[in-house]
1. Which value at 222 nm does the chain reach when only helices count, each DSSP H run of 4 or more adding -39,500 (n - 2.57), with the total divided by all residues and rounded to the nearest 500 deg cm²/dmol?
2. Would you calculate the separation in nanometres between label points at Thr32 and Cys9, each defined as 7 Å from the Cα along the Cα-to-beta-carbon direction?
3. At Ser71 and Val43, where each label point lies 7 Å from the Cα along Cα→Cβ, what is the point-to-point distance in nanometres?
4. Search the structure for amide H atoms under 5 Å from the amide H of Lys73, placed 1.01 Å from N in the peptide plane, and list their residues when 5 or more places away or on another chain.
5. For q values of 0.17 Å⁻¹, compute log₁₀ I(q)/I(0) with the Debye formula on a Cα-only model of the range 2-98, without solvent.
6. Let me check I've understood the local charge: for Ala78, count other residues with C-beta under 12 angstrom from its C-beta, Lys and Arg +1, Asp and Glu -1. What total comes out?
7. For Cys81, Cys9, what ranking results if the residue with the fewest other Cβ atoms within 10 Å of its Cβ goes first?
8. Given a 10 angstrom Cα cut-off, can you work out which residue in Ala12, Ala65, Ala78 is the most mobile in a GNM of the chain?
Amino acid sequence: MYSKHVELCSSACTLEILDTAGQDEYTPLRRTFMDSGDGYVLVYAIDDDSSFEEMDALFEEIESAGRGHSSPKILVGAYDCAFWETQLRQMRSAYVVMNW
C-alpha cells in the first residue's frame, strides 16, 4: 500500500493506494479499504479483455460498500509500453517488407 499526506483546498488529506494487481489473495484487503474510501481509481489493462470485464464486478463491489452514498470513481485504461513498442516494431517491419 502507498500512503501520502497532502493538502487539498486548504484541507489535510491522506491518499492511500492499494494496488492489488488483480490478485485474488488481496480480495479481503480490498473490501476493508472500500469500506473507508472516499473515491476510487479503477485500472484495467487495455490489452486484456478479462481485465476490462472485471471492472463491472469491482464497480458493484464498491457501490455495495458505499455506506449509503455513491463515491467518485475514475476508470483508467493502462497499457504495457513494451507490448505496444513490440507491436509498433512489427508493423514497421511489415510496412517495409510490403513496400519492397
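Every read-out reported here was derived from the displayed coordinates using simple, explicitly stated rules and does not represent laboratory data. What you are looking at is a predicted structure, and each value in this text was computed from that prediction instead of being measured. A quick note on method: Cβ atoms are made from the backbone with ideal geometry, for glycine too, and the neighbour counts reach across all protein chains shown.
1. -14500 deg cm²/dmol
2. 3.0 nm
3. About 1.7 nm, to one decimal.
4. Correct list: Tyr40.
5. -0.86
6. -4
7. Values: Cys81 8, Cys9 5.
With the fewest neighbours first, Cys81, Cys9 line up as Cys9, Cys81.
8. Comparing Ala12, Ala65, Ala78 in a Gaussian network model of the chain, the most mobile one is Ala12.
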